[in-house]
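Peer 1: Submitted below is the structure of interest, expressed as structure tokens.
The values are calculated or read from the model by the stated rules, or taken from the named source; none is laboratory data. Nothing here was measured: the structure is a model prediction, and the numbers come from that model. As a convention, Cβ positions derive from the backbone with ideal geometry for all residues, glycine included, and neighbour counts pool all protein chains shown.
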Amino acid sequence: MGLFAGLVLATCVAALLFFLIRRDSGKKYNLPPGPTPLPVIGNVHQLDFKCLFKCFVKLSERYGPVMTVYLGSQRTVVLNGFEAVWEALQDHADEFAGRAHIPAIARITEGYGLLVSNGERWKQLRRFSLTTLRNYGMGKRSIEEWIQEEARNLVEEFRKNEGSPCDPTFFLSRAVSNVICSMVFGERFEYQDKNFVRLLGLINSAFQIATSPWTQLYNMFPRVLRYLPGPHKRLFENVEELKVFIADMIEKHKQDLEPHSPRDYIDSFLVKIHEEKESPSSEFHHKNMLYSVLNLFLAGTETTSTTLRYGLLLLIKYPHIQDRVQQEIDSEVGRDRPPAMEDRRKMPITDATIHEIQRFADIVPLNVPHKTTRDTSFRGYSIPEGTVVLPMLHSVLYDETQWDSPNSFNPTNFLDENSSFQKKNAFLPFSTGKRSCAGEGLARMELFLFFTTLLQNLSFRSLGDPGEIDVTPKVSTFSKVPRPFELVVRSR
Ligand code: HEM
């Protein structure tokens with residue numbers, strides 16, 4: 001046998017043994033049912049990585065709402081439907097609050113920062129970030145004022161293109177990203193600023209690669225893919241450039257920091273580092289700051305701007321819904337002052353429409369992977385500590401037991417018979433429980449203020465027949481985005 005063939009055989013035997021050992025370690029547990037896996041590849045041959053969530057929904061018709069699937073050798077418990085997701089994340093909140101090890105993200109962040117960390121590190125960073133992101137204002141302005149200003153700039157940017165077909169993608173991502181820049185760096189950028197445009201290009205392409213089937217393959221077989229060429233290499237290069245940008249911003253902040261009046265998230269983090277410098281258990285240090293800031297950009301920019309873009313597509317597809325929202329804005333806010341958060345409770349139609357946009361768009365269909373923090377008993381099964389868990393948000397936002405017509409866009413899902421706004425437990429686009437989105441409050445404020453300010457000042461129409469518009473998503477492994485489209489803007 002040649003050396004090469006010998007090596008291949010040895011690698012296969014080692015992989016098989018590794019797999020059998022991993023499988024064996026699951027035997028003493030009463031794992032949820034699932035399709036029979038093959039050595040090394042697990043259930044990969046039975047899945048379509050372009051739309052995993054659809055495969056999981058299909059498989060769960062056979063195996064039930066709690067099932068085990070092997071992604072490569074990675075044992076993964078998939079939760080399907082509102083009841084199972086809610087029960088896990090609310091009633092077993094601590095056990096399901098771990099963040100899974102995602103090799104591509106782990107390589108980028110080295111385990112630092114809020115999004116990927118666990119245990120004491122995660123607790124400290126989460127508490128700090130929630131407090132700092134909350135809406136009682138940082139620096140001279142409240143977050144609401146920053147968003148209102150950004151929404152005005154966005155209206156002006158759209159007006160420059162009045163009457164001609166335009167793709168809203170970059171206007172929206174610049175506005176959304178500027179809100180995070182305001183909070184994190186204490187400044188916004190002009191939409192044409194070269195550095196800013198470069199930064200957004202990097203975030204956008206990092207997000208696309210990170211959610212693609214290729215990166216999913218990297219996540220399953222990192223030891224092999226690490227040495228092969230492919231788009232994942234570009235992901236790591238892009239993120240390196242983003243890190244340099246953020247590190248420069250941190251250095252600038254250090255030079256003119258005034259500890260008694262922090263201007264933004266970075267200032268607040270620097271103050272915290274200083275306050276806790278004598279504490280050996282403190283997680284407030286440079287790496288956690290750098291990666292938490294990176295997390296806010298990566299988690300906050302694409303999600304919010306994709307939702308706004310999906311919303312505009314739905315509003316040009318259904319102009320009568322756009323008109324109803326505009327009528328409500330005219331009667332409750334008028335045209336002479338900017339919409340504010342306190343207007344929301346008087347605007348059930350607008351509120352319901354924004355909720356329905358988020359439900360229908362379902363932009364994080366699989367959720368961000370969790371893991372069990374200890375051996376866990378759940379619905380008669382026992383799930384070992386460290387098992388990856390996917391509490392599928394798609395299965396909640398489209399659960400037929402929770403919504404009258406889950407597959408169509410219908411704001412009345414959130415209105416009662418008196419046309420008052422009606423809360424729904426299964427509205428979980430931000431997930432739920434201890435690990436739920438840390439930017440939910442900010443994102444909801446952005447969605448309300450951006451949509452209302454845009455529709456107060458502008459109307460959006462399709463280029464052709466609205467009936468022809470395809471609102472089905474372009475799906476990737478971990479994301480759903482609207483298909484590319486153009487619209488026409490008119491001042492009102
Ligand atoms: C429409 C917009 C958004 C959606 C749909 C969304 C959705 C999500 C989801 C589904 C998760 C995972 C929750 C889980 O693991 O159970 C998450 C986590 C997170 N999101 Fe958001 N998000 C949005 C906007 C934002 C914004 C604006 C920010 C920050 C400024 C942000 C920051 C984060 C962070 C830091 C985490 C990780 C939390 C943790 O691991 O403890 N998100 N988001």
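Peer 1: Return yes or no: is Leu294 of a type in the set (A, V, I, L, M, F, W, C) and crowded, with 19+ Cβ neighbours inside 10 Å?
Peer 2: Working: of a type in the set (A, V, I, L, M, F, W, C): yes; crowded, with 19+ Cβ neighbours inside 10 Å: yes.
Judged against the criteria, Leu294 is a match.
Peer 1: Glu150 fails exactly one of the following numbered conditions: (1) over 24 Å from the mean Cα position of the chain (by Cα); (2) modelled with pLDDT of 95 or more; (3) of a type in the set (Asp, Glu). What is the number of that condition?
Peer 2: Unmet for Glu150, out of (1) over 24 Å from the mean Cα position of the chain (by Cα); (2) modelled with pLDDT of 95 or more; (3) of a type in the set (Asp, Glu): (1).
Peer 1: Among (1) surrounded by fewer than 14 Cβ atoms within 10 Å (Cβ to Cβ); (2) among the hydroxyl-bearing types (Ser, Thr, Tyr); (3) closer than 27 Å to Ser142 by Cα, where does Tyr227 come up short?
Peer 2: (3)
Every residue, every condition in (1) buried (at least 20 other Cβ atoms within 10 Å of the Cβ); (2) on the phi > 0 side of the Ramachandran plot, yes or no:
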| site | (1), (2) |
| --- | --- |
| Leu390 | yes, no |
| Tyr398 | yes, no |
| Asp404 | no, no |
| Lys423 | no, no |
| Leu428 | yes, no |
| Gly433 | no, yes |
| Phe450 | yes, no |
| Thr472 | no, no |
| Pro484 | no, no |
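Here's the yes/no breakdown for (1) within 11 Å of the ligand (Cβ to nearest atom); (2) in the same structural domain as Gly441 (by TED's automatic domain parsing); (3) closer than 20 Å to Ala210 by Cβ:
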site: Ala88; (1), (2), (3): yes, yes, no
site: Asp91; (1), (2), (3): no, yes, no
site: Ala97; (1), (2), (3): yes, yes, no
site: Ala106; (1), (2), (3): no, yes, yes
site: Glu110; (1), (2), (3): no, yes, yes
site: Glu120; (1), (2), (3): no, yes, no
site: Gln124; (1), (2), (3): no, yes, no
site: Arg134; (1), (2), (3): no, yes, no
site: Glu149; (1), (2), (3): no, yes, no
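Peer 1: Please determine, by comparing only the residues of the stretch 450-485 that are in a loop (DSSP other than H, G, I, E, B) and within 11 Å of the ligand (Cβ to nearest atom), which one is modelled with the lowest pLDDT. Step through it out loud before you land on a result.
Peer 2: First pass over the stretch 450-485, keeping only residues in a loop (DSSP other than H, G, I, E, B): 463-465, 469-473, 476-479, 482-485.
Then keep just the ones that are within 11 Å of the ligand (Cβ to nearest atom); that gives 478-479.
Numbers: Phe478: 78, Ser479: 84.
This residue is Phe478.
Peer 1: Okay, moving on. Filtering the stretch 143-188 down to residues that are without any contact (Cβ under 8 Å) to a residue 60 or more places away in the chain and in contact with a Leu (Cβ under 8 Å, 6 or more places away or on another chain), which residue is surrounded by the fewest Cβ atoms within 10 Å (Cβ to Cβ)?
Peer 2: Filtering first and then ranking leaves Phe170.
Peer 1: Here's a follow-up. For the stretch 428-449, which positions are more than 7 Å from the ligand (Cβ to nearest atom) and touching an Asp or Glu at 6+ places or on another chain (Cβ under 8 Å)?
Peer 2: Lys434, Met445, Phe448, Leu449
Peer 1: Does the stretch 412-426 contain at least one residue that is in a loop (DSSP other than H, G, I, E, B), near the ligand (Cβ under 8 Å from one of its atoms) and not aromatic (Phe, Trp, Tyr)?
Peer 2: So in the stretch 412-426, the residues in a loop (DSSP other than H, G, I, E, B) come out as 416-420, 422-426.
So of that shortlist, the ones also near the ligand (Cβ under 8 Å from one of its atoms) come out as none.
Looking through the stretch 412-426, none of the residues is in a loop (DSSP other than H, G, I, E, B), near the ligand (Cβ under 8 Å from one of its atoms) and not aromatic (Phe, Trp, Tyr).
Peer 1: If you don't mind, there's one more thing I want to ask. Which of the residues belonging to the stretch 216-236 are among the polar types (S, T, N, Q) and at pLDDT 80 or above?
Peer 2: Residues of the stretch 216-236 that are among the polar types (S, T, N, Q), as a first pass: 216, 219.
Selection gives Asn219 alone.
Peer 1: Would you confirm, using the coordinates I've provided, whether Ser212 is within 15 Å of the ligand (Cβ to nearest atom) and under 18 Å from the mean Cα position of the chain (by Cα)?
Peer 2: Judged against the criteria, Ser212 is not a match.
Peer 1: A further question on this structure: Let me spell it out: the conditions are (1) crowded, with 20+ Cβ neighbours inside 10 Å; (2) touching a Phe, Trp or Tyr at 6+ places or on another chain (Cβ under 8 Å); (3) of a type outside the set (Asp, Glu), and Leu71 meets all of them except one. Which number is the exception?
Peer 2: (2)
A quick yes/no check of all residues on (1) touching a Pro at 6+ places or on another chain (Cβ under 6 Å); (2) outside any helix (DSSP H, G or I):
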residue: Ser129; (1), (2): no, no
residue: Ile147; (1), (2): no, no
residue: Ala151; (1), (2): no, no
residue: Gly163; (1), (2): no, yes
residue: Leu172; (1), (2): no, no
residue: Glu187; (1), (2): no, yes
residue: Gly201; (1), (2): no, no
residue: Ile209; (1), (2): yes, no
residue: Asn219; (1), (2): yes, no
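Peer 1: Same structure, new question: Can you tell me how many residues in the stretch 375-388 are in contact (Cβ under 8 Å) with a residue 12 or more places away in the chain and either of a type in the set (S, T, N, Q) or at positive phi (or both)?
Peer 2: 6
Peer 1: Looking only at the stretch 295-313, how many residues end up being within 6 Å of the ligand (Cβ to nearest atom) and either polar (S, T, N, Q) or out of contact with any Leu (no Cβ under 9 Å at 6 or more places or on another chain) (or both)? Steps first, please.
Peer 2: Here is the first cut: in the stretch 295-313, the residues within 6 Å of the ligand (Cβ to nearest atom) are 295-296, 299-300, 303-304, 307.
Next cut, either polar (S, T, N, Q) or out of contact with any Leu (no Cβ under 9 Å at 6 or more places or on another chain) (or both) only: 295, 303-304, 307.
Residues in the stretch 295-313 being within 6 Å of the ligand (Cβ to nearest atom) and either polar (S, T, N, Q) or out of contact with any Leu (no Cβ under 9 Å at 6 or more places or on another chain) (or both): 4 in total.
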